[in-house]
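The values are calculated or read from the model by the stated rules, or taken from the named source; none is laboratory data. None of these values were measured; they are calculated from a predicted model. When we count neighbours, we look across all protein chains shown, and the Cβ atoms used for this are built from the backbone with ideal geometry, even at glycine. These area figures cover heavy atoms from the full protein model, side chains too; ligands, DNA and RNA do not enter into them. Shrake-Rupley method; radii C 1.70, N 1.55, O 1.52, S 1.80 Å.
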Amino acid sequence: MQFWAMVAHETDGGVDLVREEVGDDSLGPGVVTIKVHFSSANFKDGLAVTPGGGVVRSYPIVPGIDLTGEVIDSEDPAFAPGDLVIAHGYDIGVAHNGGFAEYARVPAEWVVKLDGLTTREAAALGTAGFTAALSVQALLDRGLTPAAGPVLVTGATGGVGTVAVDILAGLGFEVVASTGKTDAGERLAALGAKSVIGRLPEDPDAKPRPLAKAQWAGAVDSVGGKSLAHVLSTIRYGGAAAVSGLTGGTGLPTTVMPFILRGVALLGIDSVQFPIDKRRELWTRLGKDLKPQHLSDYENYAPVTRAAEVLDSIRAGRHSGRTVLGVAGEF
């Protein structure tokens, strides 16, 4: 079988993403073969085509950490031809050819059967939406309820932030959205944010305070760095921050004060190696009670052949919401 794929090649000057015809040998190990309908654009995909991005083990590789589509062959009885599925995380798109191709083959323990979502909706959610749902679930597991007070979402126009605002608002929480994009207020309000504020801290050059005025019952943070330090210092007693990002840096200039004086919890969120049984349970919820109500409002579309320019916009910080990359019929 010959088919089309977008393949990333390492060159002397960087990484080139090019359209190529490939064969069965590019599918890689696995027992579930999927005709890919959609992939999506993520910051990690941007790193995959960035020199020194640090996520790809070796080139060439087909990027695309998310893929949705239809099973066409399976050696595992849990999946049958015609099943609509999503696969994301694990080694997909970084050490195992991913979703920027007409076909993909993956281990059965990486595959989730869709329930309540179309393949396009699932791709619009993708890793970012799943990470948002994991963050919300972690806060709910800590006992957070709408009655506890406002919940802060940082990086609110990004993939994780946008979906988090949508899900939390749908659950009845008072959501405060933090973003550096000054024109995003109306969009975020339409998703359910009660108020929209700028980046935190307001003065990025100020030394973070160990404790500041307690404001938030909980937080979903996809920024990290000084922003996370500020957020931790403003969480109310017994609250928690679910943390999944590092666009603001990998350092955390804080102290133990929020943890030992206010009982604040720092909840690390990882969607890459999250166990498949729990992953399937959460995707079922994403098709039901956690399904975002406004997904079509922040879903953008581009053919996968334009992936390079979409990923450029993500790396440059110009991107908002979620971009579905159409695969079927786009080569």
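Tabulated results
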| quantity | calculated |
| --- | --- |
| Cα-Cα over 25 Å, subset of LYS44/LYS181; LYS226/LYS278; LYS44/LYS207 | LYS226/LYS278; LYS44/LYS207 |
| Label-to-label distance, nm, for residues given as LEU246 and LYS113 (7 Å Cα→Cβ offset) | 3.7 nm |
| Relative packing of peptides 187-196, 129-138, 284-293 - highest average C-beta neighbours within 10 Å first | 129-138, 187-196, 284-293 |
| Residue range of the chain that is longest and free of GluC sites (Glu not before Pro) which are both DSSP loop and sparsely packed (at most 15 other C-beta within 10 Å) | 203-329 |
| Kirkwood estimate for the range 48-131, i.e. one over the average of 1/r between Cα atoms, Å | 13.3 Å |
| Apportionment of accessible area to carbon and sulfur, the chain, percent (1.4 Å) | 50 percent |
| Reachable aspartates and glutamates, given that their alpha-carbon falls under 15 Å from the alpha-carbon of LYS213 and they are not under 8 places away in the same chain | GLU202 |
| Label point distance in nm, SER313-ALA206, each placed 7 Å from Cα along Cα→Cβ | 3.4 nm |
| Cα centroid of the range 279-331 to Cα centroid of the range 1-58, whole Å | 17 Å |
| Per residue value of the accessible surface for the chain (all protein chains in place, 1.4 Å probe), Å² | 42 Å² |
| Qualifying lysines (Cα of each under 20 Å from Cα of LYS35; at least 8 residues distant if same chain) | LYS113 |
